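Please read the structure below before turning to the comments.
The values are calculated or read from the model by the stated rules, or taken from the named source; none is laboratory data. Given the structure is predicted, the values throughout are model-derived calculations rather than measurements. FYI the Cβ positions are ideal-geometry reconstructions off the backbone, even for glycines, and counts take in every protein chain you see.
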Amino acid sequence: MFTFRTSPPTTYIPPNGEEMREMAGKVGLRSFSRDLVADLCNIAAGGSVNSPSHYREVVRRKADESLVAPNKDGKWQLKDWSRTDNRSVAVDEKAAEGMKYHQNVCDFLQTIDVTKFPGETPLEQAMSCLKLLSKQQGGSGGGESGEPLPIFSEEKTTPEGVAKSLHETMDMVESLDSDEVDMLDPEGKKHETESSDSDRQRTGSQGLNKLAVAEDLVPGSDKRAMLDISRHLDKLSKMQTRRQRLVTPDPAGEEIHNRPIRGLSELARVSKSAWATRQQAPAYFLYQAVSGQLPVRERVTRQEKKQAIFILVDGSGSMRGKRHWKATGVVMNRLKAVLSGDAEVFVSVFDTQLGNVRRATNEAEARKLIRDFANGNFSGGGTDIAASVKAAHKYLEDLISKGELLYRPEICVLTDEDSSVSGVRKSDVHGTTVHGFAMEVANPLLVNFAKSTGGVGIDRF
């Protein structure tokens, strides 16, 4: 038995060390606390957290056994930097510190819902929980003893807060839609496999995939920043995307549909069933014809136009780090419209002029673009927002004028440059909506320019 903090239910046999090591290998956990694994397994199986009185003497005995030798003067140093030659006093202080730690762990155990974590058994769920905990600062220990974990000793964190953070991460994984998964994992390495249910139960692949996604989304991670930004933009009505569906009359069209009659000259095109009404009620038939109630068959051509979205990303070196991942979140959000079939997205990293333009028209291109952008480094020189916005506008106008099935052009500007954009006006981008995001800086002129075009403008994004 590895732990004294919890008790398993009478019908449950806790895992042994070998079983723990095997499961740790499956989830990729290099070190773990056997005591904490046992605790989590007991709780997942329906066990209980013991009261402090249950283990107080055990903690004091361990403190006595592990107390360091006194100094050359026969004294022990206490936490307040005073010294004592009384071994009992030194043991009491160390035991009190140990009790505080174990009570923090117990508070965590009473709060955590182990069943939220991937796995079919208490051990799988416990190890998944520990793997996610290890991604938190201070959440991992060395060796199989693995304790004490700094995260339960630090004053700046609370056990309840740690559990809440893990719960929120798993809730976020459960809330991901397929498009978000595609953008967060463009390689498809963490997608759920297409194996049968029996295969999933045997290999645990489904749970491991979910755990891998959860690891990417812990608070403070790069992909968590991406997802947070993308979901924030989803809430902005001005950034909603949609495709345009047009149905135009075409004598050579392959599709036939019915539409209301537009005048008596079209009576010859009325369906035969409608003419039966004329035989029974001529006046009513004429009334239907005049009021446009009779159906007329017509050949048509159906056409769809996708929204054109051009993303301009400031290529200066200062856009690295946190700003880069925020920018990646915006790219991710816009590329979801490619996955839904509502838009085509163009991305250019600019400096004093428009850079190479990347285009995504389908799922495969969207996956490649987000992967390349996320892994890219910004290394441009100066920044000329006005010139780049005008160039992007012309780029889209040229495509539309050549017959590309695009409409409702939109330009998103992502920059941490705080100078003006006075070189471009609304009249220079007629018919195009501009969204401006000043990345962690103030750029009121960019914000106001974006709003003047009907777009979104955000300072200190």
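Filtering Ser427, Ser388 for residues that are small (Gly, Ala, Ser), outside any loop (DSSP other than H, G, I, E, B), more than 29 Å from the chain's Cα centre (by Cα) and closer than 25 Å to Ile229 by Cβ leaves a single hit, Ser388.
Scanning the range 351-374 for residues that are modelled with pLDDT under 90 and closer than 30 Å to Val181 by Cα yields a count of 1.
Being touching a strand residue (DSSP E or B) at 6+ places or on another chain (Cβ under 9 Å) and not in a loop (DSSP other than H, G, I, E, B) is true for just one of Gln125, Gln103, Gln110. Which residue is that? Before you say what the answer is, go through the steps one by one.
Working: Gln125 fails: touching a strand residue (DSSP E or B) at 6+ places or on another chain (Cβ under 9 Å); Gln103 fails: touching a strand residue (DSSP E or B) at 6+ places or on another chain (Cβ under 9 Å).
Exactly one of Gln125, Gln103, Gln110 is touching a strand residue (DSSP E or B) at 6+ places or on another chain (Cβ under 9 Å) and not in a loop (DSSP other than H, G, I, E, B), namely Gln110.
Within the group Gly341, Gly321, Gly292, Gly376, which residue is within 20 Å of the chain's Cα centre (by Cα), surrounded by fewer than 17 Cβ atoms within 10 Å (Cβ to Cβ) and on the phi > 0 side of the Ramachandran plot? Walk me through it before giving the result.
Working: Gly341 fails: within 20 Å of the chain's Cα centre (by Cα); Gly292 fails: within 20 Å of the chain's Cα centre (by Cα); Gly376 fails: on the phi > 0 side of the Ramachandran plot.
Every option except Gly321 fails the conditions.
Does any residue of the range 61-78 turn out to be part of a loop (DSSP other than H, G, I, E, B), of a type outside the set (Gly, Ala, Ser) and within 21 Å of Pro159 (Cβ to Cβ)? Can you show your working first?
Filtering the range 61-78 for residues part of a loop (DSSP other than H, G, I, E, B) gives 67-75, 78.
Pick out the ones that are also of a type outside the set (Gly, Ala, Ser) and you get 67-68, 70-73, 75, 78.
Applying the additional criterion that residues be within 21 Å of Pro159 (Cβ to Cβ) yields none.
Looking for residues that are part of a loop (DSSP other than H, G, I, E, B), of a type outside the set (Gly, Ala, Ser) and within 21 Å of Pro159 (Cβ to Cβ), one finds none in the range 61-78, hence no.
Residues checked against (1) surrounded by fewer than 21 Cβ atoms within 10 Å (Cβ to Cβ); (2) under 17 Å from Ile43 (Cβ atoms); (3) not assigned by TED's automatic domain parsing to the domain that holds Tyr12:
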position: Ser66; (1), (2), (3): yes, no, no
position: Lys75; (1), (2), (3): yes, no, no
position: Gln110; (1), (2), (3): yes, yes, no
position: Pro118; (1), (2), (3): no, yes, no
position: Pro122; (1), (2), (3): no, yes, no
position: Cys129; (1), (2), (3): no, yes, no
position: Pro148; (1), (2), (3): yes, no, no
position: Leu166; (1), (2), (3): no, yes, no
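Filtered by the rule that a residue be at pLDDT 95 or above, among the hydrophobic types (A, V, I, L, M, F, W, C) and more than 25 Å from Ala225 (Cβ to Cβ), the range 433-457 gives a lone residue, Phe449. Summed over the range 429-461, the residues that are of a type in the set (Phe, Trp, Tyr) and either free of Cβ contacts under 8 Å to residues at least 40 places away in the same chain or surrounded by fewer than 20 Cβ atoms within 10 Å (Cβ to Cβ) (or both) give a count of 1. If the condition is being under 24 Å from Thr432 (Cβ atoms), surrounded by fewer than 18 Cβ atoms within 10 Å (Cβ to Cβ) and aliphatic (A, V, I, L, M), then the range 353-373 contributes only Val357.
Just one of (1) of a type in the set (Lys, Arg); (2) more than 30 Å from Asp185 (Cα to Cα); (3) in contact with a strand residue (DSSP E or B) (Cβ under 6 Å, 6 or more places away or on another chain) fails for Arg408. It is (2).
Within the range 30-60, track down each residue that is part of a loop (DSSP other than H, G, I, E, B) and either touching a strand residue (DSSP E or B) at 6+ places or on another chain (Cβ under 7 Å) or within 20 Å of Leu132 (Cα to Cα) (or both). Give the steps one after another, and end with the answer.
Of all residues in the range 30-60, those part of a loop (DSSP other than H, G, I, E, B) come to 30-33, 45-47, 50-51.
Answer for the range 30-60, where residues must be part of a loop (DSSP other than H, G, I, E, B) and either touching a strand residue (DSSP E or B) at 6+ places or on another chain (Cβ under 7 Å) or within 20 Å of Leu132 (Cα to Cα) (or both): Arg30, Ser31, Phe32, Ser33, Ala45, Gly47, Asn50.
Starting from the range 50-70, take each residue that is over 24 Å from Thr84 (Cβ atoms) and list its partners that are in a helix (DSSP H, G or I) and not charged (D, E, K, R), counting only C-beta distances under 7 angstrom and pairs at least six apart or across chains. Matching pairs, first to second residue: Pro52/Met99; Pro52/Gln103; Tyr55/His102. Looking at the range 222-245, is at least one residue part of a strand (DSSP E or B) and surrounded by 17 or more Cβ atoms within 10 Å (Cβ to Cβ)? No, that holds for no residue.
Taking the range 246-258 as the range and being assigned to a strand (DSSP E or B) and closer than 29 Å to Ala343 by Cβ as the test, the residues that pass are Leu246, Val247, Thr248, Pro249, Glu255, His257.
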